[in-house]
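These notes concern the structure reproduced below.
The values are calculated or read from the model by the stated rules, or taken from the named source; none is laboratory data. Computed from a prediction, not measured in an experiment: that's the story for all the values here. Glycine gets a Cβ as well: all are built from the backbone with ideal geometry, and neighbour counts include every protein chain shown.
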Amino acid sequence: MIEIEGITKSFGQLQVLKGIDLNIDKGEVVSIVGPSGAGKTTLLQIIGTLDRADSGRVIINGTDVSRMKEKELSAFRNREIGFVFQFHQLLPEFTALENVTIPALIKGVSAAEARKQALEMLKFLGLSDRASHKPAELSGGEKQRVAVARALINNPAVVLADEPSGSLDTKNKEELHNLFFELRDKLGQTFVIVTHDEGLAGQTDRTIHMLDGRIV
Ligand SMILES: Nc1ncnc2c1ncn2[C@@H]1O[C@H](COP(=O)(O)OP(=O)(O)O)[C@@H](O)[C@H]1O
Ligand SMILES: [Mg+2]
């Protein structure tokens with residue numbers, strides 16, 4: 001479902017990715033681990049079409065994203081890729097419901113339908129009673145679950161998560177990790193998760209170890 005072939009990437013003189021090949025199946029939960037500076041975030045950003053490789057190909061659901069122009073790419077990203085970051089990156093002036101609704105509105109879904117979908121997603125994630133709260137009124141764990149709801153609203157091909165539980169306490173961490181597997185089991189959702197958490201990496205279907213720009 002995701003095919004990555006021969007990805008290289010440099011920033012100036014520094015070669016950060018030195019030829020990455022990776023295939024990920026639908027419904028697979030893959031973790032990427034490795035020391036700081038190994039290139040994990042750069043790889044995730046390239047898979048997520050937020051950055052471009054210098055060479056190589058990224059094929060998502062049969063589409064070669066390396067060839068797409070910026071405008072098609074942003075529409076593709078909106079539909080097919082969900083992101084969860086270490087810090088929720090919710091918009092502070094909007095409620096949980098509005099934050100979850102935004103990607104559906106961008107996709108072109110009507111306001112009424114987007115609201116309905118967002119409410120369903122929040123309900124599915126056990127957040128119904130938090131819908132009208134702004135991020136500052138939510139706990140860390142709730143904010144991350146709202147971020148997950150936002151990532152899922154357009155039914156993406158893949159959810160990419162970069163240290164999603166890195167700022168959570170143990171209990172919220174475990175809840176978030178369990179949520180990923182629940183979403184895989186119930187929705188067939190594919191996940192690629194960069195993590196330092198050995199517990200989470202151990203639970204995933206496959207762990208990719210990165211070191212110095214390579215998979216080892
Ligand atoms: N936009 C950038 N410009 C210059 N150097 C960068 C940029 N992004 C990342 N790097 C460098 O690339 C290397 C890999 O970074 P990153 O992919 O963030 O690693 P990781 O997520 O594994 O810690 C690091 O040395 C980092 O400083
Ligand atoms: Mg990183």
**Prompt:** Of the residues L200, L211, L160, which single one is within 16 Å of ligand 2 (Cβ to nearest atom), touching a Phe, Trp or Tyr at 6+ places or on another chain (Cβ under 6 Å) and not charged (D, E, K, R)?
**Reply:** L160
**Message:** Just to check your reading of the model, which residue among N178, N155 is closer than 22 Å to E113 by Cβ and surrounded by fewer than 18 Cβ atoms within 10 Å (Cβ to Cβ)?
**Reply:** N155
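Could you please find all residues in region 186-199 being within 14 Å of L152 (Cα to Cα) and either more than 16 Å from ligand 1 (Cβ to nearest atom) or surrounded by fewer than 20 Cβ atoms within 10 Å (Cβ to Cβ) (or both)?
Within region 186-199, the subset within 14 Å of L152 (Cα to Cα) is 186-192.
Across region 186-199, the qualifying residues are K186, L187, G188, Q189, T190, F191.
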**Message:** Would you confirm, using the coordinates I've provided, whether T42 is assigned to a helix (DSSP H, G or I), in contact with a strand residue (DSSP E or B) (Cβ under 7 Å, 6 or more places away or on another chain) and at pLDDT 95 or above?
**Reply:** yes
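What residue, of G37, G19, G56, is part of a loop (DSSP other than H, G, I, E, B) and either free of Cβ contacts under 8 Å to residues at least 12 places away in the same chain or not acidic (D, E) (or both)? Lay out the reasoning, then the answer.
On the way: G19 fails: part of a loop (DSSP other than H, G, I, E, B); G56 fails: part of a loop (DSSP other than H, G, I, E, B).
Criteria check complete, one pass: G37.
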**Request:** Mind counting the residues in region 11-53 that are polar (S, T, N, Q), surrounded by 14 or more Cβ atoms within 10 Å (Cβ to Cβ), closer than 18 Å to V216 by Cβ and more than 7 Å from ligand 1 (Cβ to nearest atom)?
**Result:** 2
**Request:** All but one of (1) among the charged types (D, E, K, R); (2) out of contact with any helix residue (DSSP H, G or I) (no Cβ under 6 Å at 6 or more places or on another chain); (3) touching a residue at least 60 places away in the same chain (Cβ under 8 Å); (4) away from ligand 1 (no atom under 16 Å from the Cβ) hold for R150, so report the exception by its number.
**Result:** (2)
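Determine which member of the set A149, A157, A131 is closer than 18 Å to L179 by Cα, touching a Ser or Thr at 6+ places or on another chain (Cβ under 7 Å) and of a type in the set (A, V, I, L, M).
Details: A149 fails: touching a Ser or Thr at 6+ places or on another chain (Cβ under 7 Å); A131 fails: closer than 18 Å to L179 by Cα.
From the options A149, A157, A131, the qualifying one is A157.
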**Message:** Scan region 177-185 and tell me whether some residue there is within 16 Å of ligand 1 (Cβ to nearest atom) and touching a residue at least 40 places away in the same chain (Cβ under 8 Å).
**Reply:** no
